[in-house]
Amino acid sequence: MADLSLPATPTRKPSLLAVGSAIARHRFLSHPKVRLALVLLVPILLLTIFAPVLPMQKPLETNLRAMMQFPSIEHVFGTDKMGRDIFSRTLAGVQISLLVGFSVAAIALVFGMVLGTLAGFYGGMIDRAIMTVVDIFLAFPSLLLAIGLVSVMGTGIVPVILAISLADVPRFIRLQRSQVLSLRSRAFIDAARTVDASQYWLMTRHIVPNTLAAMLVAASIAAANAILVEASLSFLGLGIMPPQPSLGNIVRDGQTYLEQAWWISTLPGVVILLIAVGLHFLSDGVRELLDPRSR
Amino acid sequence: MNYQAPVKTTLLELRNLHTDFQTSTGTVKAVDGVSFAIERGERVAVVGESGSGKSAMAMSILRLLTHPGKVAGGEVLLDGRDISRLSEGQLNAIRGRLVGTVFQDPMSSLDPVMRISKQMIEPIMRNLRLNREQAREEAIKWLGKVGIPEPERRIEAYPFEMSGGMRQRVMIAMALSSRPQLVIADEPTTALDVTIQAQIVEVLKTLTEESGAAMLFITHDLGLVARFAHKVAVMYAGRIVEFGRVEDIFASPAHPYTQSLLGTIPSTAMLKSERLPQIPGLPPDMRFPITGCAFKERCAAAHDRCCVEAPRLSQCGIDHTAACWAPHGLGEGATLKAERPDRPNRPFEPDGSVVVELNALWKQFDTSRKMVVRAVNGVNLRVHKGETLGIVGESGCGKSTIARLLLGLEKPTSGDIFIAGLAQMVFQDPASSFNPKMTIGGIVAEPLVVRAHGSKPERKEAVRRLISQVGLDPAFAERYPHQLSGGQRQRVAVARALALNPSVVVADEPTSALDVSVRAQIINLLVDLKQELGISFVFISHDLLTVRYIADRIAVMYLGEVVEYGAAEEVFADPRHPYTKALIDAVPVPDPAIESRRTSTPLQGELPSPLNLPTGCAFASRCPMATDRCRAEKPALPTHDLARQVACHYAS
Amino acid sequence: MAEYAAKKLAQMLITVLGVITLVFFTLRLIPGDAASAMAGDTLSGEALQVLRDQMGLDEPLISQYLGFLRDLAMIDLGETITTRIPIADLLLRALPITLSIAMATIVLSIVISIPLGTLAAFMAHKGRNWLDNGLTGAAMIIDLMPSFWTALVLLLIFSLGLGWFPASGQLNWNNPGSVALRLALPVIVLSLSQVATLARITRTAVLEVLNEDYVRTARSMGWSEMRVLFRHALKNAALPIATVVGLSFGNLLGGTVIVEFIFTIPGVGNLLIAGINSRDYQLVQTLIVLYALLFVVINFTTDLIYKTLDPRVQF
Ligand SMILES: Nc1ncnc2c1ncn2[C@@H]1O[C@H](COP(=O)(O)OP(=O)(O)OP(=O)(O)O)[C@@H](O)[C@H]1O
Ligand code: SF4
Ligand code: SF4
Ligand SMILES: [Mg+2]
């Protein structure tokens, strides 16, 4: 039957490392959206990491001789009514934002993945129990759920992360469940079932790998969203409380002086927007890259 | 065919038509210089494999292509007028009025949220200048003509309330009601069952004949062409490679591609023991420019000139042109030769051991509305060692449910299933049968890993062996499913099914998603494996000619029951159950001589809903011979008898 | 139909009950208890006990819960704890304001986004992508702008800078013109992100429909592109769009809290923040339940409406 054979293009078998770097060079880093995302995110990330060693005023340091100053070389984003450096406060706020974004995405991803897979795969009672609770949580508009939860749990970073995660986890469960449901009837699952593959095998080999892409995309959107929600909560005075800077409460502080010192409120907002846009491009790029048809 | 063209007047003429699709990976030259003409009242069939540009060509005529498709050059003369440069507004006066169109998928071609009346009446009002009342009358008249029962009532239905066959009738009524001079039908029956297909083709044929409309009929089914067309255009890689009268094309095909295509179809005339000829390889990727003849890689007659210079259509008989440098293609009157005549399709000799046995098998599904779908109703079947059982029947008759029951993917409602050894499966849709995140090697190895067979190197070796056994290069193990063609994927599916040395392989429509030229490759592969390994097969298909060729025994199913069972050749040569007769009658045979001699009318009606089954004979509602006894008393089938069995009170 | 509505209604009631239960028990999770949390360090032991009695905190949990349910069922919303004003009175004043903002936003954003999204889809379908790309890009960025920041920027420009809209002041309902001016900026801020979402959804839904076979059928019948767009494409796209309008109402409710806070508008959102700041848990729990109820009811209604409009859905 060799005469039937169609030649396959010979594939080398390069080392894992080489494969990794090739992928990085050719697919990930060369994707235009990913590049744009990195152009936005990497500088912000670097500045945030190196903020403590940069030659500028510390976030909490006041300087009564330089109050409400217009942006300058010395104070890139200007200063506030106590002469604090808005740029260094903003970078400190970004640190919080990133922490919140990352934590929420991770929590939502893990819980969404586990509970959504269980609900979708097993159906029946487990599904009904999980989805009833999910529906109850989804009945709250998400910002309001977060507001309600921080009002109970109190202010500070941990309550904020928990509150936003609680609002996001149900959405992730739902997404994962619907993915699992549509995968469950695919022929390759049937094929594995005909050789009596265990449920653990089906979930880990077939279901999770095929749902991960969409979940990662959702997670990076959730991170962007969490950053916005944290900022909103802090702006309303319900999230991170001063003097600890956060992007939301810096804007809140500046609100009173909007007319005299517009930069206090507006410039940190631009940074939030840049981060959110960067994360969105990243998720878009990741989605396009993970789509097997693009390979 | 006894067709005599009246005074020849050309209705439609294409001159050097070019159509491109601008994609991110390159320009696809879907139509690459097509010229031909259709006379008034003539039915021209366009055949060719998927992707050969048939639809693109047809849609280019009225510029119905959507972005990124674009007519890139050439002329379209309708009644002598070049319509290729008309504005959209001017074309709209032609669309639907002078030229009607029927599309492939009746399920999606009608607006789902609009009543049939609305979709039909308004074009009639516009085109025939009638008022609403008259247009409604007219619409009802046409619905009646295309065979919709109770048209006055059904005209107020929504499309989702109709079956696929009924919707396609509506589409035809819509296309014909404005009395067009030309009807373009793009695979109008591909999505339908053979029996329904026969009805639809009949309707199209009668009605266009009645109105004198010409027809451009696109299909990949050569049997339909023989039944239906006056002339045939064979397309390959965006060009017409052969054009001529249907008798000439079938009797003396001149182009190697046509010759090969005709050879790959199992026919009733062919002996079962003959090996099926197959065309090697795949059609070219049309994103890349082609030098020389597009068919050269797959052509047995290819020579030096073919590689440098593209042949043009040239006269090779009366009204017969072909684009090939070799004067008679593969040879005078030749069709493709089987390349391994030493490996015939040997018939099976039973040694008595039973591999699969189904006893009084019932399967019901509960639907959301507390109704019960009775998919399988008391089926008894046996498969012996080394035997291939073919299961045929219309869609919805329970074929696939039996397959899933056999594999343990569904639990029977009652009855039992005995399988000596292991049953494995080859699925219909090569696209969804593989986990897109796994390599081919991983996919083939999965059964071995799950069942913990052998060590890792042993499994690796087994995978290599399996992949070459199905005729692929072992290097394919490194690839991902989306990097394979449909035929290659189906080979991988077979390799996976063989991994655990099953005693029976259930193949549910394994070739229906494949093109004709690739289909023969897979059928030959299955025949070889069956003989090499002595495995039993259950081969489920609605393609009766293929089943006849590959199966030793056939079970004909209707509404979840086996109505006839027997040796494949016998059932085909002498069908006894009225349903089997109708089914075999409906299959178009790729031979215009046979087709033109056919007299029988196609089976009427459609498969009743499996929600409320009749008490008597399941077939009574459509059976031309049904009597009161049939409606009251169920004809039984003797269980487990190798001899011929027929479930009919009046079987001849 | 009636059966479907009844089933949906039952489902909705279960959800609402779940919401109430969740809110009630979450509030009892406050460390210490609500009374001491409220009082902070300001009250002595005795005064604290009085407050506890007032709030019924010493009763068994289950009877507190049943009492809460009973009161809600009888629309007896109780009084604020600190100021002892009937919550119902507060709501009667605040709710119309918030609802006006929300409704104005919905209308405005639908009027803008649906034509915009449809046009973008239509052009993209024909291979002219600039509007589509522009719209998708702009929609993404607008969607990601924190609404409090957008509000401040608009406030800075249009109220403080150009002086077109008043930034503060009483809402005088006897002078509708002044109310409209006063609410204009909040509505614009909220509409921005609504338009971004809806235009994007409309674009996707219409584009998808334009690729459907029945659109090609209509074209093959000789209907003009405009007619096909309006008769077939929009009608079919309306269903997915309606669902999203319902769901995005949730975001809108969240947004009202922020704009009311910034523009000092005495709506439900400001009431909520005031309640949280004064730790008036009676008020907070009532308001959160109210928001959820609004959201659930809106979604229930859109679901029912579009199910009724879609002939394919059989009841
Ligand atoms: N929207 C599109 N974008 C890009 N390429 C396309 C598009 N539609 C068709 N093509 C390409 O044009 C070529 C001809 O396609 P066409 O649909 O006309 O083939 P066909 O003969 O009708 O096939 P089938 O039998 O599958 O209907 C193919 O190579 C196909 O991939
Ligand atoms: S031109 Fe050459 S390659 Fe092409 S079909 Fe004819 S003989 Fe074959
Ligand atoms: S039993 Fe009667 S109805 Fe059934 S197939 Fe035979 S003749 Fe027809
Ligand atoms: Mg086609």
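The values are calculated or read from the model by the stated rules, or taken from the named source; none is laboratory data. Note that the structure is predicted; figures quoted are calculated from it, not measured. Cβ atoms come from the backbone with ideal geometry, glycine included; neighbour counts cover every protein chain shown. Each accessible area value is taken on the protein alone, full model and side chains, heavy atoms only, with ligands, DNA and RNA left out. Shrake-Rupley method; radii C 1.70, N 1.55, O 1.52, S 1.80 Å.
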Query raised in the report: Mind checking whether some residue in the range B:194-206 is within 14 Å of chain A (Cβ to nearest Cβ) and either touching a residue at least 24 places away in the same chain (Cβ under 8 Å) or within 16 Å of ligand 1 (Cβ to nearest atom) (or both)?
Result: no
Query raised in the report: Are any of the residues in the range B:512-523 under 19 Å from the mean Cα position of the chain (by Cα), at pLDDT below 90, acidic (Asp, Glu) and surrounded by 17 or more Cβ atoms within 10 Å (Cβ to Cβ)?
Result: yes
Requested in this report: Those residues that are β-branched (Val, Ile, Thr), open to solvent by 10 Å² or more (accessible area, probe 1.4 Å), in a helix (DSSP H, G or I) and more than 20 Å from residue A:100 (Cβ to Cβ), I need them from the range A:242-274; list them, please.
Outcome: A:266
Report task. Could you please find all residues in the range B:276-309 being of a type in the set (S, T, N, Q) and farther than 22 Å from residue B:485 by Cα? Result -> B:291
Query raised in the report: Which residues, counting only those in the range B:64-86, are closer than 26 Å to residue C:124 by Cβ and more than 14 Å from ligand 1 (Cβ to nearest atom)?
Result: B:73, B:84, B:85, B:86
**Report entry** Test: residue B:496 is under 19 Å from residue A:186 (Cα atoms), without any contact (Cβ under 8 Å) to a residue 40 or more places away in the chain, within 11 Å of another protein chain (Cβ to nearest Cβ) and crowded, with 17+ Cβ neighbours inside 10 Å
**Finding:** no
Query raised in the report: Somewhere in the range A:123-135, is a residue within 14 Å of chain C (Cβ to nearest Cβ), buried (at least 24 other Cβ atoms within 10 Å of the Cβ) and part of a helix (DSSP H, G or I)?
Result: no
Report summary line: Among helices (runs of 4 or more DSSP H) entirely within the range B:208-319, at least 3 residues that are surrounded by 24 or more Cβ atoms within 10 Å (Cβ to Cβ) occur in B:222-228, B:256-264
Query raised in the report: Which residues, counting only those in the range B:397-418, are within 11 Å of chain A (Cβ to nearest Cβ) and over 21 Å from residue B:486 (Cβ atoms)?
Result: B:404, B:406, B:407, B:408, B:409, B:410
Query raised in the report: In this structure, is residue B:462 surrounded by fewer than 22 Cβ atoms within 10 Å (Cβ to Cβ) and not in a helix (DSSP H, G or I)?
Result: no
Query - All positions within the range B:184-207 that are under 17 Å from residue B:109 (Cβ atoms) and either more than 16 Å from ligand 4 (Cβ to nearest atom) or assigned to a helix (DSSP H, G or I) (or both) - result: B:196, B:197, B:200, B:203, B:204
Report task. Can you tell me which residue within the range C:1-45, out of those that are under 16 Å from residue A:140 (Cα atoms) and open to solvent by 80 Å² or more (accessible area, probe 1.4 Å), is modelled with the lowest pLDDT? Result -> C:11
Report task. State whether one or more residues within the range B:97-110 are more than 33 Å from the chain's Cα centre (by Cα) and either in contact (Cβ under 8 Å) with a residue 24 or more places away in the chain or within 20 Å of residue B:182 (Cα to Cα) (or both). Result -> no
Query raised in the report: Which one is nearest to residue A:265 (Cα to Cα) among residues in the range A:31-71 that are open to solvent by less than 50 Å² (accessible area, probe 1.4 Å) and not hydrophobic (A, V, I, L, M, F, W, C)?
Result: A:71
Query raised in the report: Has the range B:623-642 got any residue that is within 27 Å of residue B:224 (Cα to Cα) and more than 16 Å from ligand 2 (Cβ to nearest atom)?
Result: yes
Requested in this report: Look through the range B:105-160, keep the residues that are among the basic types (Lys, Arg) and in a loop (DSSP other than H, G, I, E, B), and return whichever of them is surrounded by the most Cβ atoms within 10 Å (Cβ to Cβ).
Outcome: B:115
Query - Selection within the range B:409-429 - in contact with a helix residue (DSSP H, G or I) (Cβ under 6 Å, 6 or more places away or on another chain) and open to solvent by less than 40 Å² (accessible area, probe 1.4 Å) - result: B:409, B:423, B:424, B:425, B:426, B:427
Requested in this report: Say whether the condition of being under 28 Å from residue C:2 (Cβ atoms), open to solvent by 20 Å² or more (accessible area, probe 1.4 Å) and either away from chain A (no Cβ under 11 Å) or at pLDDT 90 or above (or both) is met by at least one residue in the range C:258-269.
Outcome: no
Query raised in the report: Given the residues A:196, A:168, which is the only one that is free of Cβ contacts under 8 Å to residues at least 12 places away in the same chain and among the acidic types (Asp, Glu)?
Result: A:196
Requested in this report: Report, ordered by the first and then the second residue, all pairs with beta carbons closer than 9 Å, sequence separation of six or more or different chains, a first member in the range B:284-296 that is within 14 Å of another protein chain (Cβ to nearest Cβ), and a second member that is away from ligand 4 (no atom under 16 Å from the Cβ) and not charged (D, E, K, R).
Outcome: B:284/B:290; B:284/B:294; B:284/B:295
Requested in this report: Could you list all residues from the range B:52-83 that are closer than 22 Å to residue B:239 by Cα, surrounded by fewer than 19 Cβ atoms within 10 Å (Cβ to Cβ) and either of a type outside the set (Lys, Arg) or without any contact (Cβ under 8 Å) to a residue 12 or more places away in the chain (or both)?
Outcome: B:66, B:67, B:68, B:72, B:73, B:74, B:75, B:77, B:82
Report summary line: Among residues of the range C:172-227 being free of Cβ contacts under 8 Å to residues at least 12 places away in the same chain and hydroxyl-bearing (Ser, Thr, Tyr), the residue surrounded by the most Cβ atoms within 10 Å (Cβ to Cβ) is C:217
Query raised in the report: Among B:586, B:636, B:632, B:620, which is away from ligand 1 (no atom under 16 Å from the Cβ), free of Cβ contacts under 8 Å to residues at least 60 places away in the same chain and over 27 Å from residue B:382 (Cα atoms)?
Result: B:632
Query raised in the report: Just to be sure, is residue A:265 more than 26 Å from residue A:120 (Cβ to Cβ) and at pLDDT below 85?
Result: yes
Query raised in the report: Does the range A:155-170 contain at least one residue that is open to solvent by 20 Å² or more (accessible area, probe 1.4 Å) and within 11 Å of another protein chain (Cβ to nearest Cβ)?
Result: yes
Query raised in the report: Quick one: which of C:287, C:272 is open to solvent by less than 10 Å² (accessible area, probe 1.4 Å), under 16 Å from the mean Cα position of the chain (by Cα) and at the interface with chain A (Cβ under 8 Å from one of its Cβ atoms)?
Result: C:272
